[in-house]
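Q: Provided herewith is a single structure, encoded as structure tokens, for subsequent inquiry.
The values are calculated or read from the model by the stated rules, or taken from the named source; none is laboratory data. Remember, predicted model here, so these are calculated numbers, not experimental data. As a convention, Cβ positions derive from the backbone with ideal geometry for all residues, glycine included, and neighbour counts pool all protein chains shown.
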Ligand code: NAP
């Protein structure tokens, strides 16, 4: 049924912005159009985008809402999150289908993403009753020392298109439970999912102005969300290029910034590994979500002793993947999100060939039959990829796996670390000593032993090192603490002035 947020024709939803608790039209002349990447003729939604003035109006609304939201007890804030989680759970299947149609990932992956986001909402809802500081003994008698965690104020949340539900939710939930008011700027490719997220929080009872949605071009409007003096923190996930820009503007203003950025994640399969287990993990890591995840396995480092055997098993599995519309239950890999991403995938495949890597399978755009109107590319594997090559070093963000071989474990570790990125990684081995050495020495924010590079859980920190991330980790207590300011209180209850040699 059409709501204030959406008026629907049978085919196309006309979406609106959410500012100060009202669904309104954006002022930009530029229209945002959401299409199905499996069939780009299908327009799912469109809307008038926000411009810089709309972004400022959203900041005005958030600023106005902040005092009352800050004064709302954290457990009450948490209960609104819990209600939002329940609403999302009831709508899980429907929203997963929308996600598949708008972003392209296959339905089981969309359902998995829904579940992950709901888990995160539930976990952060619980933090409402735990949001507090600590008390500590003082050097002085009758002196209470304790810390308080307080909200920052108005914060910007800028998100990418590849996880249109989970990433916004894992930023918005801690920001809200900590007592901040949010300006949410999702990627322009996924407006329909963004509107649904906001509708869920609205239905859960969030007061007007606490969460504001500004859908509009990042290049036209993004700077305001970082530069505006009332913005107290920015949580960004996206490309390295934009992340560095956000981080430098925010850094120059001296505000808190966290940027989760790209990845070029290695999986090492060592000679003693359970090859079946490794095979399942590499398949999922490399081709899950069409390789469009920051945590995708994009570099595979094989122990030379098992390399040929493993590649034989891998190619047999890759050739079984049916590429197509993610709503078709037989399909194992969906399309690239749009034409630009498809062209990037194809460009890197050409780069791999020119650089002299050996194309083992895939490498082509699919345009036959049902593929005709979508952005489909074959799952692709290159062997013999040189460590200095662009295919080894640069993020493709598509289903393109680069393989190299190592003679010693030290060589494998050095290959894994030879990257400007450091988000996540995986090692397959049965040898505990090797596993421990890897965990200790690999340069990554997250390490998986005998499991794929992908995945994370609400209660543990998520994020990377080097070019993959700056600022605090996300999810977990760290993700919550990012959205708070720590205050130390010295409460003297002697009732008299006293001399002390402690300063
Ligand atoms: P992107 O192009 O950097 O865009 C990310 C967000 O930033 C979008 O909302 C975009 O808006 C906005 N934006 C664009 N220009 C901006 C500006 N000047 N100021 C402020 N915001 C601006 O990234 P993407 O293509 O959406 O996502 C793919 C990238 O995200 C990959 O590199 C991937 O590795 C990374 N990623 C990282 C993680 C992680 O946790 N480390 C997770 C997922 C994805 P528009 O859409 O309107 O341009």
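Q: Among the numbered criteria (1) out of contact with any helix residue (DSSP H, G or I) (no Cβ under 8 Å at 6 or more places or on another chain); (2) surrounded by 18 or more Cβ atoms within 10 Å (Cβ to Cβ); (3) free of Cβ contacts under 8 Å to residues at least 40 places away in the same chain, which single criterion is violated by residue 382?
A: Residue 382 satisfies every listed condition except (1).
Q: Here are some residues: 326, 281. Which one is away from the ligand (no atom under 16 Å from the Cβ), within 22 Å of the chain's Cα centre (by Cα) and farther than 30 Å from residue 432 by Cα?
A: None of the other options fit; the residue is 326.
Q: Look through segment 259-274, keep the residues that are touching a residue at least 40 places away in the same chain (Cβ under 8 Å) and away from the ligand (no atom under 16 Å from the Cβ), and return whichever of them is surrounded by the most Cβ atoms within 10 Å (Cβ to Cβ).
A: 269
Q: Quick one: which residue in 190, 169, 234 is at pLDDT 95 or above and either more than 14 Å from the ligand (Cβ to nearest atom) or more than 30 Å from residue 280 (Cβ to Cβ) (or both)?
A: 234
Q: Let me ask something additional. With respect to the numbered conditions (1) part of a helix (DSSP H, G or I); (2) in contact with a strand residue (DSSP E or B) (Cβ under 7 Å, 6 or more places away or on another chain), which one is the sole condition not fulfilled by residue 47?
A: For residue 47, the exception is condition (1).
Q: With a cut-off of at least 1 residues that are within 13 Å of the ligand (Cβ to nearest atom), name the strands (runs of 3 or more DSSP E) lying wholly within segment 409-503.
A: Result: 424-428, 446-449.
Q: Follow-up question, since we're still on this one. Take residue 202 and decide whether it is within 15 Å of the ligand (Cβ to nearest atom), surrounded by fewer than 24 Cβ atoms within 10 Å (Cβ to Cβ), in contact (Cβ under 8 Å) with a residue 24 or more places away in the chain and more than 25 Å from residue 455 (Cα to Cα).
A: No: the conditions fail for residue 202.
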